[in-house]
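Asks: After the structure tokens below, expect a handful of questions from me.
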Amino acid sequence: MSVASLPQVSIKKNTQFPMVDNEDDSSVISTNSSLSDDEFDSKTESASTSVNVSDTDSSSDQANTRPSCPKPVHYIINTLSAVGTFGGLALITTGGMGMTLDKPSANPIANGAMLLSGGALLTASFLGGLYHLSAQGPAE
Amino acid sequence: MLTCGVNTAHVSPTHSSHQLRAMHPLLASALRSSCHHPQPEIDRLLDQAQQTLEAAPALTEQFAAELITGKSLAQCLDISDRVLEKSYQAACQLVNEEEFQAALILSSFVLVAGHREARFTFKVASCLQHLGDATSAADFYKLSLQIDHHHMGAAYRLGECLHRLGDQEQARHLFAWTVELARGNFAFRKIQAAAESQLSRSLMWP
């Protein structure tokens, strides 16, 4: 059979892959979430406090049924940003959030922040991380 | 009727010349915009939140001794839990109304003054994410997860922020963790589907 006798197959340039919604691709890199807060506000609390176990299960059994946080996730959530305008705020928050102001934190970034100024850091830690140390601010 | 009144009159203006003046720029911008709301109660809560946030650094220095013992700023200022809860609920409403600056003020107030709860940090993070600061939002989602490893919303949204910030590997971990948290509960099917969709998309990521 010659090549010329083979049926021609046309290939569409913009093939749509079924698993990827190309039209909605912008949402992936959008600042906004693809799920509203409503999806989480009511449900997340129940996810955190309840598990699907029968009434006969003991509370210790319930605790055991909750998945344990994987190591990579544990590492990620304990690594706060050290760059950018907000980096300093987050570092300070770590001190308060971790409630480890009187002892070294497992987070080296938090340790660095703690070394900056004990009193000022302590004060900042109570502000939820929304304020940070002023670069020019000498200790009074 | 709210009974709480934040008494900030005893804070000397000169006392604000301390180290903790630098505020998050988005929060500072929101405070400068003097947000108001047509609902009188929300408007009143916004006023109270703005006053407290502006005075917060001085107040925390003033009440440092109490704060160290574990009291919250709200307790020092006699702000009731009911007011904090109303402020949080108002923040949720404002987010739904896409009034993110006003929502940031209220959620920041609850976070600064109240006890640390994952839902408070989540709401602050959500406002920051919607206002375009993915880096800050990621930090607050992380803080939510530090408080509660099983906070599904924080896990999913952190995945989104990490993806936006270009950390695809970490984003995949967070979406996978979201799927795990949602597993076996029909109520979470939409969240699980969204996380699974993100994981599927991640196959196309660089």
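The values are calculated or read from the model by the stated rules, or taken from the named source; none is laboratory data. On a predicted model such as this, the values are computed, not experimentally measured, just so you know. Using ideal geometry, Cβ is built from the backbone for each residue, glycine included, and neighbour counts are taken over all protein chains shown.
Asks: Report whether or not B:Val124 is within 13 Å of chain A (Cβ to nearest Cβ), free of Cβ contacts under 8 Å to residues at least 24 places away in the same chain and within 15 Å of the chain's Cα centre (by Cα).
Replies: Details: within 13 Å of chain A (Cβ to nearest Cβ): yes; free of Cβ contacts under 8 Å to residues at least 24 places away in the same chain: yes; within 15 Å of the chain's Cα centre (by Cα): yes.
Criteria met by B:Val124.
Asks: Just for region B:62-110: of the residues that are crowded, with 22+ Cβ neighbours inside 10 Å and over 20 Å from B:Glu41 (Cβ atoms), which one is nearest to the chain's Cα centre (by Cα)?
Replies: Per the stated criteria, the residue is B:Leu73.
Asks: Among the residues of region B:89-99, are any without any contact (Cβ under 8 Å) to a residue 12 or more places away in the chain and outside any helix (DSSP H, G or I)?
Replies: yes
Yes or no, residue by residue, for (1) at pLDDT 95 or above; (2) within 15 Å of the chain's Cα centre (by Cα); (3) not aliphatic (A, V, I, L, M):
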residue: B:Ala137; (1), (2), (3): no, yes, no
residue: B:Tyr141; (1), (2), (3): no, yes, yes
residue: B:Gln146; (1), (2), (3): no, yes, yes
residue: B:His149; (1), (2), (3): no, no, yes
residue: B:Gly166; (1), (2), (3): no, no, yes
residue: B:His173; (1), (2), (3): yes, no, yes
residue: B:Ala176; (1), (2), (3): yes, no, no
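Asks: Which members of region B:168-190 meet the condition of being under 22 Å from B:Val124 (Cα atoms), of a type outside the set (Val, Ile, Thr) and more than 7 Å from chain A (Cβ to nearest Cβ)?
Replies: Selection gives B:Ala171, B:Phe175.
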